[in-house]
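Here's the structure we're looking at; comments come further down.
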Amino acid sequence: MNISVIGTGYVGLVTGTCLAETGNNVLCIDIDKTKVEKMQQGVVPIYEPHLDVLFERNIKANRLKFSTSLEEGLSHGDIIFLALPTPEDEDGSADLSYVLGAAKDIGKLIKNYKVIVDKSTVPVGTADLVKETIAKETTIDFDVVSNPEFLREGFAVDDFLKPERIVIGSSSEKATKLMEKLYKPFVRSGNPILIMDEKSAELTKYAANSFLATKITFMNEIANFCEKVGADVDKVRVGMGTDSRIGKRFLFPGIGYGGSCFPKDVKALHKSGKDNNYNFDILNAVIKVNDTQKKILIPRIESYFNNDLKGKTFAVWGLAFKPETDDIREAPALYVIEELLARGAKINVYDPEAMSNVERKFADKLNYIQDMYDVAKDVDALIICTEWSIFRTPDFKKLKNNMKHPVIFDGRNLYDVNDAKNEGFYYASIGRKTVH
């Protein structure tokens, strides 16, 4: 099939590349001329495991191409995916200007029947808005489908190629059959393609992300309470997770969730509720608790250093919002760094993939070190913000010898408390006893 993807961010690029991998002819469209030229030369603009291999293979096979021309994209594709940004607006709602702007342009350029697919995460009712926007500009027949993505950054390629489910919101039998044909190669193992109305499909994505964010936030509350009463959150987590009604995933406490999805989607669903005279009390609490959780290490760090961080030097391990990505959007590490800088601290940082993105944000306010041990030289404490695998089994002796003081504030509970103590560290984590 001939497919066009409008937008080449995480979702658009993974979508286009993986659809090309199953034999489709895919044209990806982006307004950024420099970015398009680099992709045409085989340069992947984002870090996502395994994407580079598929990207290169499908470019060589001539199944994956790039252009800045929306008109060319409309001419090429039978199915047009909209994978455009829906950033958080000032009031917490999703900004649909990119999506509706593209819809208006499509209406002006469309020449024959197309299926327009909302791949972006959008509020309930967006498919109707896209349909209305296009219809104002044309009398050509078309259909609008909602097809939310459920891709985890760091695992996006695997999630697309082997989806747990595919959700298609469509009221058109013609469009539904085309979408089922497109996705058939991805569900050969029997995972379902769920057909529903457009509004239910749109809400499914928000509901799923908001539920997972709530689960994380609840566990963080439990972890904070564990510290008050002397319980161990690791034991509580295992005790909860073995209940099949709860499950083991998303029960790991830490310094809050971040990224491009959870913060934005929770706020957008909360705002959608308000717009429809419904108050999501749970989501209001989730937002509030997570904002606090991102900074929960700061009072502990201040307490250890007698409320005087001026002139102290800290090493930060992990800058991305999660491992296996270079994405720093709403990353808890950024909030920790901002708080430390405001208190006059000096900060050395290291991350396997996200350094350049952080440097664009903080410039010369931070020291960017290219080695996980060098970053800890002569520092007063190490702060762990992202659970990259390389941080899980460090050379504690080397780390300790590099540091001015053997002090670790671990926002991701990477180490056994007693192991850290036996290695000679002051070790503070989330929801567990502090040892020294």
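The values are calculated or read from the model by the stated rules, or taken from the named source; none is laboratory data. Only a predicted model underlies this, so the values are computations on that prediction, with no experimental measurement involved. When we count neighbours, we look across all protein chains shown, and the Cβ atoms used for this are built from the backbone with ideal geometry, even at glycine. Note: areas computed on protein heavy atoms with side chains; ligands, DNA, RNA excluded. Shrake-Rupley method; radii C 1.70, N 1.55, O 1.52, S 1.80 Å.
Here are a few things to note about the model shown:
- Residue list for the stretch 244-276, filter: outside any loop (DSSP other than H, G, I, E, B), over 16 Å from the mean Cα position of the chain (by Cα) and among the small types (Gly, Ala, Ser): 272, 273
- Residues of the stretch 22-48 satisfying the condition of being in contact (Cβ under 8 Å) with a residue 12 or more places away in the chain and either among the hydroxyl-bearing types (Ser, Thr, Tyr) or open to solvent by less than 20 Å² (accessible area, probe 1.4 Å) (or both): 22, 24, 26, 27, 28, 29, 36, 39, 47, 48
- When residue 157 is tested against (1) farther than 23 Å from residue 54 by Cβ; (2) of a type outside the set (S, T, N, Q); (3) surrounded by fewer than 23 Cβ atoms within 10 Å (Cβ to Cβ), only condition (1) is not met.
- Residue that is farthest from residue 144 (Cα to Cα), among those in the stretch 155-204 that are modelled with pLDDT of 95 or more and of a type in the set (Lys, Arg): 162
- Condition check for residue 382: within 22 Å of residue 431 (Cβ to Cβ), assigned to a loop (DSSP other than H, G, I, E, B) and open to solvent by less than 30 Å² (accessible area, probe 1.4 Å): no
- Residue among 345, 363 that is of a type in the set (Gly, Ala, Ser), modelled with pLDDT of 95 or more, in contact with a strand residue (DSSP E or B) (Cβ under 6 Å, 6 or more places away or on another chain) and farther than 30 Å from residue 209 by Cα: 345
- Of the residues 163, 192, 185, the single one that is touching a helix residue (DSSP H, G or I) at 6+ places or on another chain (Cβ under 8 Å) and of a type outside the set (D, E, K, R) is 163.
- Counting only residues that are closer than 19 Å to residue 429 by Cα, assigned to a helix (DSSP H, G or I) and among the aliphatic types (A, V, I, L, M), the stretch 226-243 holds 4 of them.
- Search result, residues across the stretch 260-281 that are surrounded by fewer than 20 Cβ atoms within 10 Å (Cβ to Cβ) and of a type outside the set (D, E, K, R): 273, 276, 277, 278, 279, 280
- Out of 8, 15, sole residue that is in a loop (DSSP other than H, G, I, E, B), at pLDDT 95 or above and touching an Asp or Glu at 6+ places or on another chain (Cβ under 8 Å): 8
- Which numbered condition residue 394 fails, given (1) of a type outside the set (A, V, I, L, M, F, W, C); (2) open to solvent by 30 Å² or more (accessible area, probe 1.4 Å); (3) modelled with pLDDT of 95 or more: (2)
- Conditions (1) among the aliphatic types (A, V, I, L, M); (2) open to solvent by less than 10 Å² (accessible area, probe 1.4 Å); (3) assigned to a loop (DSSP other than H, G, I, E, B); (4) over 25 Å from residue 223 (Cβ atoms): number failed by residue 372: (2)
- Taken over the stretch 241-256, residues that are more than 18 Å from residue 152 (Cα to Cα), aliphatic (A, V, I, L, M) and open to solvent by less than 40 Å² (accessible area, probe 1.4 Å) amount to 1.
- Tally of residues being aliphatic (A, V, I, L, M), touching a strand residue (DSSP E or B) at 6+ places or on another chain (Cβ under 7 Å) and in a helix (DSSP H, G or I) across the stretch 64-113: 5
- Residue list for the stretch 170-219, restricted to those being open to solvent by 20 Å² or more (accessible area, probe 1.4 Å), closer than 14 Å to residue 269 by Cβ and under 20 Å from the mean Cα position of the chain (by Cα): 203, 204, 207, 208, 211, 212, 214
- Selection from the stretch 88-132 of residues that are among the polar types (S, T, N, Q) and either crowded, with 21+ Cβ neighbours inside 10 Å or in contact (Cβ under 8 Å) with a residue 40 or more places away in the chain (or both): 93, 120, 121, 126
- Members of the stretch 397-436 found to be of a type in the set (Ser, Thr, Tyr), surrounded by 23 or more Cβ atoms within 10 Å (Cβ to Cβ) and over 24 Å from residue 325 (Cβ atoms), listed by number: 427
- Filtering the stretch 133-154 to residues that are over 20 Å from residue 193 (Cβ atoms) and either open to solvent by less than 10 Å² (accessible area, probe 1.4 Å) or small (Gly, Ala, Ser) (or both) leaves 134, 135, 154.
- Checking each residue in the stretch 279-317 for being small (Gly, Ala, Ser), farther than 18 Å from residue 220 by Cβ and not in a loop (DSSP other than H, G, I, E, B) picks out 303, 315.
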